[in-house]
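Below is one structure; the comments refer to it alone.
The values are calculated or read from the model by the stated rules, or taken from the named source; none is laboratory data. Given the structure is predicted, the values throughout are model-derived calculations rather than measurements. Positions of Cβ are backbone-derived with ideal geometry, glycine not excepted, and every protein chain shown enters the neighbour counts.
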Amino acid sequence: MKQPENVREIALLQPDYMGLIFYEQSPRFVASEVPEISSAIKKTGVFVDASLDFILKKVQSYKLKAIQLHGQETAEFCRKLWDNLKDDNVEVIKVFSVKGGFDFSKLKEYEEVVDFFLFDTKGKNKGGNGVTFDWEVLKNYPSSTPFFLSGGIGLEEIEEINELMTWFQKNGKENLLYAIDVNSRFEDEPGLKNVEKLQLFKDRFSNK
């Protein structure tokens, strides 16, 4: 999210999370104030290899309730961030990009210092590539840490998402696929979300 009026419009749809990108190389970079929205919506700051001090300042100034880390942040960095934010109940989400297979063993050192993982499609950009990855790899997910599913999700993927959720439920892992993260497939331009498309996604998904 980027434009104030668009933030207000999307907030009326009552998403659980709303992303604000603090990465200057992104076309969705937030360089201005963000209007007040319902406290039920978790404003999420998206960062790429930012310093601890930079992240903490944005948490304070934008009243962030979640942090999404899209860079090469180490488990030790996540631990420091976690220690600084845990008393304020700010969630830490570590992103991992997937292309082809995925080595799940790399998640192990992060499990005790993040609240969630997020799996996105590996591409030229740090998110917002508009392409899905092969979700079959997630059926081998070994961790107990819940995750966000991201990467090129649009209206056409609703049935496939439902099938994946059903698989996790049948295999006693219904609490692992925690949330669906949507972005570029619902944009009219970078940072400008299409309200009608998102409403349609919400309505169709809620009926599944």
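So which residues in segment 1-26 are part of a loop (DSSP other than H, G, I, E, B) and either surrounded by fewer than 14 Cβ atoms within 10 Å (Cβ to Cβ) or of a type in the set (Asp, Glu) (or both)?
Leu12, Gln14, Asp16, Glu24, Gln25
Given the residues Arg28, Arg79, Arg8, which is the only one that is among the basic types (Lys, Arg) and within 16 Å of Asp120 (Cβ to Cβ)?
Arg28
Let me confirm something: among Phe96, Phe119, which residue is of a type in the set (Phe, Trp, Tyr), within 29 Å of Ile10 (Cα to Cα) and crowded, with 20+ Cβ neighbours inside 10 Å?
Phe119
Could you please find all residues in segment 152-202 being more than 24 Å from Val34 (Cβ to Cβ) and aliphatic (A, V, I, L, M)?
Matches in segment 152-202: Leu155, Ile158, Ile161, Leu164, Met165, Leu176, Leu177, Leu200.
Sort out which residues of segment 59-76 are surrounded by fewer than 19 Cβ atoms within 10 Å (Cβ to Cβ) and assigned to a helix (DSSP H, G or I), and write them in order of number.
If the condition is that a residue be surrounded by fewer than 19 Cβ atoms within 10 Å (Cβ to Cβ) and assigned to a helix (DSSP H, G or I), then Gln60, Ser61, Tyr62, Ala75, Glu76 are the ones that fit.
Starting from segment 90-107, keep only residues that are without any contact (Cβ under 8 Å) to a residue 40 or more places away in the chain, then list their pairs with residues that are of a type in the set (Ser, Thr, Tyr) whose Cβ atoms are within a distance under 6 Å, requiring at least 6 positions of separation or different chains.
That search, which allows pairs on different chains as well, returns Lys94/Tyr110; Leu107/Ser143.
Tell me, yes or no, whether segment 149-159 has at least one residue that is under 27 Å from Ala40 (Cα atoms), free of Cβ contacts under 8 Å to residues at least 40 places away in the same chain and of a type in the set (A, V, I, L, M, F, W, C).
Yes, some residue in segment 149-159 is under 27 Å from Ala40 (Cα atoms), free of Cβ contacts under 8 Å to residues at least 40 places away in the same chain and of a type in the set (A, V, I, L, M, F, W, C).
Would you tally the residues in segment 90-101 being more than 19 Å from Ser51 (Cβ to Cβ) and either among the acidic types (Asp, Glu) or modelled with pLDDT of 95 or more (or both)?
Qualifying residue count for the region: 2.
Checking Ile37 against (1) under 18 Å from the mean Cα position of the chain (by Cα); (2) under 24 Å from Leu149 (Cβ atoms); (3) of a type in the set (A, V, I, L, M, F, W, C), which test does it fail?
Of (1) under 18 Å from the mean Cα position of the chain (by Cα); (2) under 24 Å from Leu149 (Cβ atoms); (3) of a type in the set (A, V, I, L, M, F, W, C), only one is false for Ile37: (1).
Could you say whether any residue in segment 180-194 is in a strand (DSSP E or B) and among the small types (Gly, Ala, Ser)?
no
Can you tell me which residue is surrounded by the fewest Cβ atoms within 10 Å (Cβ to Cβ) among those in segment 99-116 that are in a loop (DSSP other than H, G, I, E, B) and touching a helix residue (DSSP H, G or I) at 6+ places or on another chain (Cβ under 7 Å)?
My answer is Gly101.
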